[in-house]
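Structure first, commentary second.
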Amino acid sequence: MAVLTESELAQALSGLDGWGVSDGALRKRFEFEDFAQALAYANRVGEAAEQENHHPDLLVTWGAVEVSWVNHAEGGITPTDVEMARRSDSLA
């Protein structure tokens, strides 16, 4: 799968609410009322990642989860990362 060009990535970001690019990955911080809700969300994202065999970096803290999508094997952000970012939003 090909890494998105800068223009393709800019177009993809225009359709992703709250997502940005940092350190070469799509990143977003999701806020929750407490640790239990944050952990439950991280588990939902993990289950979706397992279904697609494409796994994010997740940072779970009290009341928040930071999700980062990048295709390490391809060396950048791919259409699959964009789709998984959308799925991450739908799971919140």
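If you check Asp81 against the conditions, is it among the acidic types (Asp, Glu) and crowded, with 17+ Cβ neighbours inside 10 Å?
yes
I'm trying to understand the selection: among the residues of the range 72-83, which are of a type outside the set (Val, Ile, Thr) and either touching a helix residue (DSSP H, G or I) at 6+ places or on another chain (Cβ under 6 Å) or modelled with pLDDT of 95 or more (or both)?
Matches in the range 72-83: Gly76, Pro79, Asp81, Glu83.
With respect to Ala25, is the statement that it is crowded, with 16+ Cβ neighbours inside 10 Å and touching a residue at least 40 places away in the same chain (Cβ under 8 Å) true? Steps first, please.
Working: crowded, with 16+ Cβ neighbours inside 10 Å: yes; touching a residue at least 40 places away in the same chain (Cβ under 8 Å): yes.
The answer is yes for Ala25.
Are any residues in the range 43-56 in contact (Cβ under 8 Å) with a residue 12 or more places away in the chain and either surrounded by 13 or more Cβ atoms within 10 Å (Cβ to Cβ) or over 17 Å from Ile77 (Cβ atoms) (or both), and if so, which ones?
Answer for the range 43-56, where residues must be in contact (Cβ under 8 Å) with a residue 12 or more places away in the chain and either surrounded by 13 or more Cβ atoms within 10 Å (Cβ to Cβ) or over 17 Å from Ile77 (Cβ atoms) (or both): Arg44, Val45, Gly46, Ala48, Ala49, His54, Pro56.
The values are calculated or read from the model by the stated rules, or taken from the named source; none is laboratory data. Predicted model, so just to flag it, every value in this text is computed and none were measured. Every residue, glycine among them, receives a Cβ derived from its backbone with ideal geometry; neighbour counts consider all protein chains shown.
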